[in-house]
Structures are given as structure tokens and as C-alpha cells.
Amino acid sequence: MKKNKMSVTSKQHAAGWAFLAPATLLIVIMSFYPIIQAVFTSLKTGSSANMKWAEPLLYNYTRMFKDKLFMRSVGNTFLYLLIEVPIMLILAILLAQILNNKDLKLKGFFRTCVFLPCATSLVSYSLIFKSLFATNGLINSILVNLGILETNYNFLGNAKSAKVIIIIALIWRWTGYNMVFFLAGLQNIEYSVYEAAKIDGASSWKTFWNITVPLLRPTIVMTMIMSINGTLQLFDESVNLTNGGPANATITMSHYIYNNSFGQGVANFGYASAMSFFVFILVAILAFINMKVGDKRD
Amino acid sequence: MKRKVLSVLLVAAMTASMVAGCGTGKGSGSSAGGDTQSAENPTAGEDEHTLSVSAWDKSFNIPALEAAAKDYQENVDPDFKLNINEVSQSSDIENSITLAGSAGDYSTLTDIVLFQDHWIQKYVADYPDAFQDVNDADINWDDFAEEKLSFSTIDDKHYGVPVDNGTVVAAYRIDLLEEAGHSIDELKGCTWDKFIEIGEDVYNKTGKYLLSMDGDGNDLVYMMLQAEGESQFKDGKPNIVENDKLVKIVEIIDEMVQKNVLYLANDWNDYTDQTILGDMVAGVINGNWIIPTIEKVEANSGKWEITTMPTIEGGDGYASNGGASLYVTANCQNKELAEKFLAYTFGGSQTTYDAALKNGGVITTCISAGKSDVYNEGVEYFNNTPIYAEIVEMGSHVKPVEQSEYHYTCREKVAAAIINITQNGADVKDALQDAEDQLNFEMGN
């Protein structure tokens, strides 16, 4: 057989490339090309039909720092991030710890229950929270009937309570999701370690902080990065639950970007792209810090 | 070898199914027009007797278009067909125009589109070749309310043919007013101070607010200001903080909220579903297209009446809010037919407008068409008063005010300022200054 001059390894290489090629090509066309185009778009202004290079070139990038509304959306997003992520992760670890108990009955049932919110679509759960907390909604009826509130309270019409509700909704939706990662992490910790601790006389609180948490560090770092990333891109809740209101008090960065690009009659693609890159840089920086802090390898 | 053949077949099958999957996405436009069933491609009329149009409301503007199609079929061209592409809400049409304009490809649009008048100025500015003017259409423009045409006339060119009417009505529950010891006559063109007085009585006696509005898209400022003959814009620039009337109006709104006369809803659905359908209010002030929403509460039939809105100094307030027109897109190949059709029907045909009113509750801004018997019939829901004729009459008094392509941006900023004032007790001038700054920022001033 003289036809095949290729050696076995180079043949394997060729096959490898052949298998990689379609996916790579699709990623390049569907992701990388638009990203590069977005860089150019972010340097342009004008109506979407007739975009011109901005004057000065970085106009869109300087504009966003003077834009009070964008700055507020950044503030809101960080507020959600700072309050929601720690509460959610601590709850998730505690739940995982409880559900990992060897003596617990109906473990599968409880695990399913906690994970179930993640199976609901973002839009539908937002709409359900919206109707729960509506002025004539269920929560108001309960609180009024219990005598806690005198008259129905407009939860979503008030900036502070609307933010609290977004945070509650986020915790409800994502705690179970993170718990699953912690559960998986806990399975990897040898039971003998706990046994040894017990023999040494460590209380369960000490065991938790000195054994469970350090051994779960990789999982904690991963869930942190995912949660931070997810919260920075928070969109569905802001759109569906409060629609950014009242008076844009609860708007998030992604929602504002969306409003600028696909909001009614706006089509301000240049500015929206510039803001997207701002979010991109934020995510990159936060993930970097997180990895540096979380990475305790010698 | 067999395996190879099999894998090639599999790949082919997958590719084919992918292509087929993408293909089914097309041609989803439904046909709702008269007897038109050929909705294969909703975007273009296939022959010289067919036009396509996009509209969104099955109980409002689609019956009006069907009425027009039937009128034209019966009286002009029996072969005429109107393919109606029904979308679920008005913003779908607006988004499709932005999309087509951004892509520079208008072939996705129908021959004619219906959308809110406030948008046309922005569209013509942003996408100059998206719409064809209808100057050549045989329409007596003087027969239409001046204010309505002031939107769709740009550089003395007519772009739109009016369909419905945005004239503001102040509708009140006469039974609740009576319970509070007042009557609708007291409210006719009263001062806002008087309005607040009555509103307090109504809230204390019946527990209902005299007025509600969508707090996010607060149209009240625009309507109250137009009743004074003023605009939020002056010579293309925002006129907010220096506008004494506007400052006064915002103060009135704040007072109304504090005294439980006005309820600001969280969003549009909250406004319609909770405050109006949920029976929270004793009055509604908005464009008359809100009437079908009011009428959905059948239990209150016969308990409503309409009148003019209050003003600061007293006297009948006339304003207009919303309303849509038909616009011919660049994709229309048969402009002549489009113009003929529009001129014959919405240009002033009694048959079209009477049927549109009966089937969809669409009220015209065409002055002569508003004088027919159908318009002068009493409406049972409104205590058998002839509200339609009244509305057309009121519409002829509305003064045109300066319009801007930044109408909705302005509305959003001022609405945000109002929420800031009513909820957080912000200073009126400061909050409005903030709104003006932000508006200037977005306008690039």
C-alpha cells in the first residue's frame, strides 16, 4: 500500500483536526466574529441604519461614566451581588451539609425539593414572584389577614422593597443549584476524616469550619465565580419582575444594555456594545481576583 | 464500507433536518383579513389587487382594517385582498421596523404598517428611506383633526393616514361620585384643586382613587400639559425646569398622590389589570382607546360618563394621547393601490368608519365621518350618552403642541422624577433638573 504516506501519528492528528474543525468553525463564525464586530460597533455612533465612527473615537466609552442611569445600574448590580451571593452560598453549604447527613430519611425527596426551583424557567418564576408580591397578590392578602400589614403594600412599586424582592427571588431560584455542587464536593470528603475529628473531640461547628470548608474550597471558588458572573449578567429578573422600575431604581446593567440596543425605537447599538465590554472587563477582573484569592496551592 | 455509507447517510439526514428546521421559521404571519387566506408570505402583495398590512389588536384596530377591506371590495375593486399580519402587541411592529431599518433590508415589512404616531418622527429621522409619503393620495386633509396630522406630517409631507383617535377623555363613575356627594358636572373642566377636593371625598367615602396612571410610563404630564397648550419641548430642546406650567403640574401630581386621589401603578399591566379592571378607581383620564378596557368590567355598565379634563386655571381641558396611523413602507411595490385604498377608506369613507366603530370601537379623527348616525347613538355602558360624537367634537379642540422624536425618552425621565418626588420626598426642582439633564444627555445636547 503506497497510497498512504502519512504515518500513524500524523494520521491521528489529521483525524483530530478534522473532528475539531466543524465545531471550531462554528464558534469562530457564531462567537468570535460577532465579538470582533462588536468592538468596531462600540466605536461608532448614530442611528443604526447609518453608523459613523465616533468623534472622538472612545466617545461611547467615556459617555457611560457620565451616564447617571448606567452608573445606577452598575450600583444596583453590585448591590445584588454583595448581598445575594454570600447569603445564597452560605445557605447552599448549610443545606448541603444537612442533606449529606447519613441518618437523614427521605434524602432524595428533600434534595429534589431544594433543587426543583432550578427547573423552573427564569421568566416564569419571575412572573410568579411578580403576581405573589402584587398589590392585590397572595403575600399582601396573607400579611393583611394576619394583621401584620394594615393596608395592601405596593412591594414592587417601592424602590427598596422591590430590590429586596429581587434578592429573595434570586436566592430562591439559585440556592438549590449551588447546593448540588456542594453536595458533590461533600461526597468527595472521606468520612474517616470526620471520624478522626470526632475522636479528637471536635464539635460539629469546629468540624464544619476546620474540615468541611477548607476541603470544599475548590467548589466554593467555582460557585463564587459562577454566581458573580451570573449576577453581573442579571437580566430576566430585572425585566420580568420589576421591569427596572420603579423609575429605573432596580435596573441591572444587562437590562440597561438591552434597553439601549433593543428597547423600543432606540437601537443605540454603539453605546450598548461599549457598555457590554465594560461588563466583560468587570467579569474578567472579578474572576481573576477570585481565582488568586481562592487558589491556595503551594 | 457499509459503515461509511451509513455514516454519510446519517450526516446527510442531519443536515437535511437542520435545514428543514430553519426553514419552518418563515411565513408565520397569520391571515385575519376578510376572506383572505393566502398568508404564505405576509410581507408582500402578490398581485396588483393585494396589499399586506400589520396590526396588533384583534378587538380594536384589526376589525377596523377588515371593515376597510370589505368596503373597498364591495365598492371599488371586487378582486381586492388585504392580508392582515396580526402581531401580538404594538411594540412588535415598532421592533420590526427598527430591525429592518438597522439591517437596511425592508423586505421583511408589510406594504402598510400601523403604529403609534409618536414614533414616526424618529423613524423618518433615523431611517429616511423606510417610508414612502402619501402626499399624492386623494385625501382632504383639512377634514382631519389638526393635532392628529401634526405627528405624521414631516417637512410638509404627509406620511400617515389616521386610523384611530387619541383624544383624551375624563371618564368618571357617576354612582361613586354621587355616593361621595358630588356630580360629574362639577368635574367638567374644573380646576385641579377642585379635582383634588372631590378626589379626597371620593377616597374617604368609597375607598376608591379618583384617578390612576402607569407610574413608569406616566402620560399624565403630557396630557395635563397639552390641556394647557404647552409642550415638554421648545425649539427642539427640553423645556422642563424653566417651564412653570410643567413644574406646577408635577406639584399637583405629587399632591394628588399624597392625598390618595391618584394611584400610580407599577407598570402598564398593573394600570389596566389592577386599577381599571380590578375596580380600584372612580375615574380614568387617558386617550379614548382606553374605553374598551373600561367596558370589560360588565358589572359597571351604565355607571360611567365622560367629560373634559381639568386644567390648572379651570376651563375645559382638551388633549390627545396616543393613537396610531397607517404608514406605507419602502417595501410596498404597489404604492398607487396603497394610496387609492387608504384614500378611499380611511380617507373619509363613512362605511369604513361606521363599521370600524361598531366592530372595534375605533373612533375617527375625520370630522365629517364623525357626524353619522352611528356616532350619535347613545352608548349603554356610558349611561346612554353619545360619547363617540362627543369625543370627535372634543378632538377638534385639541391644540397641536411641539412634538419631538424624544417623546418617550422624555416621558420616562419625567416619570422617574415624579416617583422620586412622591416616594422619596425629593425636591421638585432638583428632581426635574435631574430629568432634564438626563434627557439632554440622551439627546446629545
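The values are calculated or read from the model by the stated rules, or taken from the named source; none is laboratory data. Small disclaimer: the values here were computed from a predicted structure and weren't measured. Cβ atoms come from the backbone with ideal geometry, glycine included; neighbour counts cover every protein chain shown.
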Subject >> Residues of the stretch B:229-242 satisfying the condition of being crowded, with 19+ Cβ neighbours inside 10 Å and either within 13 Å of chain A (Cβ to nearest Cβ) or more than 14 Å from B:LYS413 (Cβ to Cβ) (or both) >> reply: B:GLU230, B:SER231
**OP:** Would you point out the residue of the stretch B:393-409, among those that are touching a Ser or Thr at 6+ places or on another chain (Cβ under 7 Å) and in a helix (DSSP H, G or I), that is nearest to the other protein chains (Cβ to nearest Cβ)?
**Re:** B:GLY395
**OP:** Go through the stretch B:257-309 and count every residue that is within 14 Å of chain A (Cβ to nearest Cβ) and of a type in the set (D, E, K, R).
**Re:** 4
Subject >> B:LYS237 vs. criteria more than 19 Å from B:GLY189 (Cβ to Cβ), of a type in the set (Lys, Arg) and touching a helix residue (DSSP H, G or I) at 6+ places or on another chain (Cβ under 7 Å) >> reply: no
Original post:
What tally of residues in the stretch B:92-108 results from selecting those that are under 20 Å from the mean Cα position of the chain (by Cα) and more than 10 Å from every other protein chain (Cβ to nearest Cβ)?
Top reply: 3
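Table: residues versus (1) closer than 30 Å to B:GLY302 by Cβ; (2) touching a Leu at 6+ places or on another chain (Cβ under 6 Å).
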| site | (1), (2) |
| --- | --- |
| B:PHE382 | yes, no |
| B:ILE387 | yes, no |
| B:ILE391 | yes, no |
| B:CYS410 | no, yes |
| B:ILE419 | no, no |
| B:ASP430 | no, no |
Original post:
Is the stretch A:269-286 home to any residue that is farther than 30 Å from A:TYR125 by Cα and within 14 Å of chain B (Cβ to nearest Cβ)?
Top reply: yes
Original post:
Within the stretch B:136-172, which residues are among the charged types (D, E, K, R) and in a helix (DSSP H, G or I)?
Top reply: B:ASP142, B:ASP143, B:GLU146, B:GLU147, B:LYS148
Original post:
What do you reckon, is A:ASN240 within 14 Å of chain B (Cβ to nearest Cβ), assigned to a helix (DSSP H, G or I) and polar (S, T, N, Q)?
Top reply: yes
Original post:
Filtering the stretch B:236-250 down to residues that are in a loop (DSSP other than H, G, I, E, B) and free of Cβ contacts under 8 Å to residues at least 24 places away in the same chain, which residue is farthest from B:ASN321 (Cα to Cα)?
Top reply: B:GLU242
Original post:
Does B:LYS413 count as of a type in the set (Lys, Arg), buried (at least 24 other Cβ atoms within 10 Å of the Cβ) and either touching a residue at least 12 places away in the same chain (Cβ under 8 Å) or in the same structural domain as B:ALA299 (by TED's automatic domain parsing) (or both)?
Top reply: yes
**OP:** Note down all Cβ pairs under 7 Å where the first residue falls in the stretch A:238-251 and is at positive phi, the second is in a loop (DSSP other than H, G, I, E, B), and they're at least six residues apart or on different chains.
**Re:** A:ASN243/B:ASP216; A:ASN243/B:ASP267; A:GLY244/A:THR250; A:GLY244/A:ILE251
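Considering only the stretch A:93-166, give the helices (runs of 4 or more DSSP H) lying wholly within it that have at least 1 residues that are farther than 30 Å from A:TRP209 by Cα, more than 13 Å from every other protein chain (Cβ to nearest Cβ) and modelled with pLDDT of 90 or more.
On the way: elements: A:107-115, A:122-132, A:138-145.
Qualifying helices (runs of 4 or more DSSP H): A:122-132, A:138-145.
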Subject >> Test result for A:THR250, buried (at least 19 other Cβ atoms within 10 Å of the Cβ), outside any loop (DSSP other than H, G, I, E, B) and either at pLDDT 85 or above or more than 16 Å from the chain's Cα centre (by Cα) (or both) >> reply: no
Original post:
Is the stretch B:255-278 home to any residue that is closer than 23 Å to B:LYS399 by Cβ and not polar (S, T, N, Q)?
Top reply: no
Original post:
Which of (1) of a type outside the set (S, T, N, Q); (2) modelled with pLDDT under 90; (3) surrounded by fewer than 18 Cβ atoms within 10 Å (Cβ to Cβ) is the odd one out, the single condition B:ALA299 does not satisfy?
Top reply: (2)
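Could you look through the stretch A:252-268, keep only residues that are hydroxyl-bearing (Ser, Thr, Tyr) and without any contact (Cβ under 8 Å) to a residue 24 or more places away in the chain, and pick out the one that is nearest to the other protein chains (Cβ to nearest Cβ)?
A:SER261
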**OP:** Could you tell me which residue of the stretch B:190-227 is surrounded by the fewest Cβ atoms within 10 Å (Cβ to Cβ), considering only residues that are polar (S, T, N, Q) and part of a strand (DSSP E or B)?
**Re:** B:THR191
Original post:
crowded, with 16+ Cβ neighbours inside 10 Å, closer than 30 Å to A:THR250 by Cα and outside the structural domain of A:VAL164 (by TED's automatic domain parsing) - does that describe any residue in the stretch A:30-38?
Top reply: yes
